[in-house]
Every structure is written in C-alpha cells, then in structure tokens.
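Below you'll find the structure, written out as structure tokens, and then a few comments.
Values quoted throughout were computed directly from the atomic coordinates according to the rules given, and no laboratory measurement underlies them. A quick note: this is a predicted structure, and the numbers were derived from the prediction, not measured.
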Amino acid sequence: MTHSNTPNQTIPPIAVSPDEAARLAGIGRTTLYAALAKGDLKSIKIGTRRLITIEAIHEWLSSHQTGSE
C-alpha cells in the first residue's frame with residue numbers, strides 16, 4: 001500500500017554520489033573532485049560513502065554565476 005496519490009511517482013534524491021553530482025551539474029569528475037578538495041563544494045561522508053546533497057550542488061553552482069548572463 002502506498003501513500004502517494006500518483007502511482008509510479010518517484011521521489012527525487014536528496015543526496016547523490018560524486019559521479020552523479022558531476023553528471024547533474026554538467027561538469028567533469030575532475031572538476032567536481034577539485035571543488036571537493038578545495039572545500040568549495042560541501043559533501044557528507046557516511047561510512048566509506050561520500051555523498052553530495054542536491055542543495056550543496058545548487059549552492060555551489062549559484063556561487064559560480066556571472067552577472068553578464
């Protein structure tokens with residue numbers, strides 16, 4: 001039994017792997033790992049797994065916006 005009104009409705013993830021974060025942001029893995037190493041992009045670690053919240057990806061991308069666009 002589901003509590004959703006719409007069958008087959010998917011819940012978006014709140015955190016993703018670094019590889020998935022790079023794909024979602026449209027950047028390379030090297031660029032993403034460099035941002036993690038510099039501390040520009042926040043991540044969480046649970047056990048041996050590193051995850052990046054969708055919110056952190058949005059914040060990081062927003063910090064790179066230019067005013068000329």
Given (i) 31, 11, 9; (ii) 19, 14, 10; (iii) 27, 17, 10, which label gives semi-axes √(5λ) of the Cα gyration tensor in Å as computed from the coordinates? (iii)
Using amide H atoms built 1.01 Å from N in the peptide plane, name the residues 5+ places from residue 15, or on other chains, whose amide H lies under 5 Å from its own. 54
Phi-derived 3J(HN,Hα) across the range 51-65 with the Karplus relation (6.51, -1.76, 1.60, θ = phi - 60°), rounded Hz, x for Gly and Pro, is 10, 10, 6, 4, 4, 5, 5, 4, 4, 5, 5, 4, 5, 9, 5
If you average the sequence gap of Cα pairs under 8 Å that are 6 or more apart and divide by the length of the range 4-51, what percent do you get for the contact order? 32
